[in-house]
């Protein structure tokens, strides 16, 4: 595994070089920022879906009469200027790596909106928009490259756990279905200009294994690879993923992919996440990332931790030598990212035990 050449060796070398010099900053929450635009149903539909069907090619697709509000990934097509503005705000706040607006851009997740046919376009456009903003910012500061993280989200199903408490053997998705869904999304993320593929918010490692399988299959067929980052989710204070793994077990389960970085994101705030990032920093044979929520959600499902509070906690992560990459998840804004970037700037990255692919 991992013996293929890089698709773009110069970009990988530049990313490795930047990671060796300093802690790199990932952006914050896309959803948190989009909520501030207070888009209604017509806002999500844009002109393209205004009449309840896809007007892009002059013919309707069945099912577009359903509500599209809340489908944030669709905004890459219907409101691209808004998505670009969010990316730009995070770049101006100090982000080095921008996540594509593709968290739910798989056929499994888009089935909720009957928009499975849009998956290639959603991923391609999500990557292209992020690429445009990263390149524009790099042009402003040529000594500091910006990189696109092509996001593969967890999907809305789990391969390890039954959704029916009365039938623990039941599964509503198969490994092969997950792999096919991830493969379709990944192909378009790469075509759109992603520098790295990030399998993130992993609550079930079997889903992640399907994503890794799909990526390896894609790389083998294409004859080259791009770096892969993997980020799991500790779902509560039990210290385990939803499918029951500890942080160390999670790492062991995906280490065969030899990722550029392994990390944790979402579910917990930085304070609660510290112990589990400690574990990863101790065992990982690659870079370590963390992009936690802005604290734990309050009674209204909102996140109250201020940029200053979050930055102070993550500064301690950096001072302890735990981090190679750091950013924010739910509830974080450009203000959070700016504070975090400033807080970690004085500290060197975690000791370079990172092991990149043999082809590097």
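Per-structure values
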{"quantity": "Any hit, the stretch 266-277, residues being touching a helix residue (DSSP H, G or I) at 6+ places or on another chain (Cβ under 6 Å) and without any contact (Cβ under 8 Å) to a residue 40 or more places away in the chain", "calculated": "no"}
{"quantity": "Extreme residue, nearest to residue 347 (Cα to Cα), among residues of the stretch 5-31 that are assigned to a loop (DSSP other than H, G, I, E, B) and either free of Cβ contacts under 8 Å to residues at least 40 places away in the same chain or in contact with a strand residue (DSSP E or B) (Cβ under 7 Å, 6 or more places away or on another chain) (or both)", "calculated": "23"}
{"quantity": "Residue satisfying condition, being surrounded by fewer than 24 Cβ atoms within 10 Å (Cβ to Cβ), touching a residue at least 12 places away in the same chain (Cβ under 8 Å) and out of contact with any strand residue (DSSP E or B) (no Cβ under 7 Å at 6 or more places or on another chain), within set 258, 225", "calculated": "258"}
{"quantity": "Any hit, the stretch 181-198, residues being surrounded by fewer than 20 Cβ atoms within 10 Å (Cβ to Cβ) and out of contact with any helix residue (DSSP H, G or I) (no Cβ under 7 Å at 6 or more places or on another chain)", "calculated": "no"}
{"quantity": "Given (1) without any contact (Cβ under 8 Å) to a residue 40 or more places away in the chain; (2) in a helix (DSSP H, G or I), number of the condition residue 165 does not satisfy", "calculated": "(2)"}
{"quantity": "Answer residue from the stretch 199-233, given it is at pLDDT below 95 and out of contact with any helix residue (DSSP H, G or I) (no Cβ under 8 Å at 6 or more places or on another chain) and is farthest from residue 146 (Cα to Cα) among those", "calculated": "204"}
{"quantity": "Tally of residues being more than 19 Å from residue 152 (Cα to Cα) and either assigned to a loop (DSSP other than H, G, I, E, B) or touching a residue at least 24 places away in the same chain (Cβ under 8 Å) (or both) across the stretch 65-83", "calculated": "9"}
{"quantity": "Members of the stretch 98-130 that are more than 17 Å from the chain's Cα centre (by Cα) and not in a helix (DSSP H, G or I)", "calculated": "114, 115"}
{"quantity": "Residues of the stretch 123-167 classified as closer than 19 Å to residue 109 by Cβ and exposed (fewer than 13 other Cβ atoms within 10 Å of the Cβ), total", "calculated": "1"}
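The values are calculated or read from the model by the stated rules, or taken from the named source; none is laboratory data. The structure presented is a predicted model; accordingly, all values stated were derived computationally and were not measured. Neighbour counts are summed over all protein chains in view; Cβ atoms, including those assigned to glycine, are modelled from backbone coordinates with ideal geometry.
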